[in-house]
Amino acid sequence: MSADRRVLVLGGGLAGITAALDCAQAGAQVTLVEVRRRLGGAVYSVARDGLLMDNGQHVFLRGCHAYRRLLARLGSEPLTHIQERLRIPVLAPGRREFILRRGALPAPAHLAGALARYPHLSRRRRLGAARAALAMMRLDPREEQLDRMTLGRWLAEHGQDEQAVSALWDLIALPTLNIPASEASLALGAFVFRRGLFGSAGDGDIGFHVGALADIVGGPAERALRRAGVDVRLGWRAERLTPTPHGVEVGGRSGEAQGPGGSDSLSAPSVVLALGHRRAAALIEPLAGALAERVSRIGVSPIVNLHIVYDRVVCEHDFAAGVHTPVQYLFDRSSAAGAPAGCQYLAVSLSGASREMAMSVSALRERYVPAMRQLLPAARSAKLESFLVTREHAATFRASPGVNALRPGAESGVPGLLLAGSWTDTGWPATLESAVLSGHRAAAQALARVGLQGGPEE
């Protein structure tokens, strides 16, 4: 194979995995390096107290076509499940559960029945929410002015008070944007609601990883890459980028290439930088200072996950949302994590969790164990076997007003250097889909530079 068809991918998350597979499929000679000893990036599992726990509850939608195609390439589809129709059990302390489900009518009428019966809003607020939804359908998320105001302000201007936002709109906005509607970009908020709920009726059906993420992404990705002929180098840290007459040289450190702490360098006509935006900004700053400064202004939002094991089944649902409670979403991960027989392991996902990031484990336990008892009557008589916490300080980029103007495309302006990651300009918020789309786009540019084309359609 000609040396001028080399592609180097920095980062083994979803964006890097996608880019490497695309380039290898098109005939490029691909090397992928990853600082960790595993692939998957922000999508991974950890073993603690006898459980294989996912770092977060990464759901997806039927309309996430690029991510679903990646799962198919990895052979991981059997370990996922997509609802036949959108169905969200909504729980509230002291109230009967309500199942928010879509009907058989085409969008947007498919949600009319659920909204008409929604018990956590008054009839007046339900009618107001319907009017706001119709107004949102007329928005174009690509319009720049929508990225200059918050979703919360727009909702207020359309008659949605704090109770309506808390009980309905944030049910969707908070887990998808990782910040509440009051702080989120209207452009990204409108994209989420239009794409996930108000577009094709089936696009919003929720997909779940029924196995552990390590068995769905990390392990299968490494095997797929090696089968495709990709040179996968784990434990390799990229430290500097240097332009060359024929591309980009990447200096780094590898514990395998030249012994512990040994220095190393790799070069290629095309380099795909598929790292988190803060790390990417630090690497490109000497080459493209203005771009690095722009990227560094993109904020981050945290996610905290509580891992709670009971000595019996306390929740009959695979997942549920909470309103009028600090519990946002909970997931039954007993089977996937290998929980002891008879026990139930519930993962509680807390998005936009700046407050919870600062709380100790004991403080989180004092707040959330009673909240779970209020939400789940069966938990009041159950024994708490385990309470663990995982935190992701920079789980996603911060989807606040102005962020779209900061997100670059795949081209960095440095010849041969391409950018990938959910933080790049895909149109999507920080989702699994955004990461995969960015990998496809960077790969297409990388291949063009080495005289190749190919890869799956977006």
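Laboratory data are not the source of any read-out in this text; all were calculated from the coordinates shown. Since this is a predicted model, take the numbers as computed values, not measurements. Note: ideal-geometry Cβ built from the backbone for every residue, glycine included; neighbour counts use all protein chains shown.
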**Relative contact order of the chain, defined on C-alpha pairs under 8 angstrom at six or more residues apart (%)** = 24 percent
**Complete:** On the formula 1/(1 + (r/R0)^6), with r taken between the Cβ atoms of MET137 and LEU115 and R0 of 22 Å, the FRET efficiency rounded to 0.05 is 0.95
**Request:** Could you tell me whether segment 143-271 comes out rounded, prolate or oblate from its Cα gyration tensor? Rule is a ≥ b ≥ c as square roots of the eigenvalues, rounded for a/c under 1.5, then prolate if a/b exceeds b/c, otherwise oblate.
**Result:** prolate
**Request:** With a/c under 1.5 counting as rounded, go ahead and sort segment 103-201 into rounded, prolate or oblate using the C-alpha gyration tensor (a ≥ b ≥ c being the square roots of the eigenvalues; past the cut-off, prolate if a/b is larger than b/c, else oblate).
**Result:** oblate
**Request:** Run the quick spin-label model on ALA394 and THR325: label points 7 Å from Cα toward the beta carbon, then report their separation in nm to one decimal.
**Result:** 3.4 nm
**Complete:** With the label point 7 Å along the Cα-to-beta-carbon line of ASP215 and a cut-off under 16 Å to each amide N, the hits in segment 8-47 are 44-47
**Asked** Can you give the relative contact order of segment 103-201 as a percent, counting alpha carbon pairs under 8 Å and 6+ residues apart?
**Response** 37 percent
**Request:** Pick out the long, greasy-scoring helices in the chain: whole DSSP H runs spanning 18 Å or more along their own axis by Cα, mean Kyte-Doolittle at least -0.5.
**Result:** 123-136, 361-375, 432-449
**Asked** What percent antiparallel are the DSSP beta bridges of the chain, to the nearest 5?
**Response** 75 percent
**Prompt:** Based on the Cβ-Cβ distance of LYS383 and ARG87, what FRET efficiency does E = 1/(1 + (r/R0)^6) give at R0 = 45 Å, to the nearest 0.05?
**Reply:** 0.90
**Message:** Need one word for segment 254-404: rounded, prolate or oblate. Basis is the Cα gyration tensor (sqrt eigenvalues a ≥ b ≥ c); a/c below 1.5 gives rounded, then a/b vs b/c decides.
**Reply:** prolate
**Asked** Å³ per residue of the Cα convex hull, for the chain?
**Response** 143 Å³
**Item:** Computed [θ] at 222 nm, deg cm²/dmol, the chain (DSSP H ≥ 4; -39,500 (n - 2.57); rounded to nearest 500)
**Value:** -8500 deg cm²/dmol
**Asked** Residue separation times 0.36 nm, minus the C-alpha to C-alpha distance between ARG226 and ARG95: what's the value?
**Response** 41.9 nm
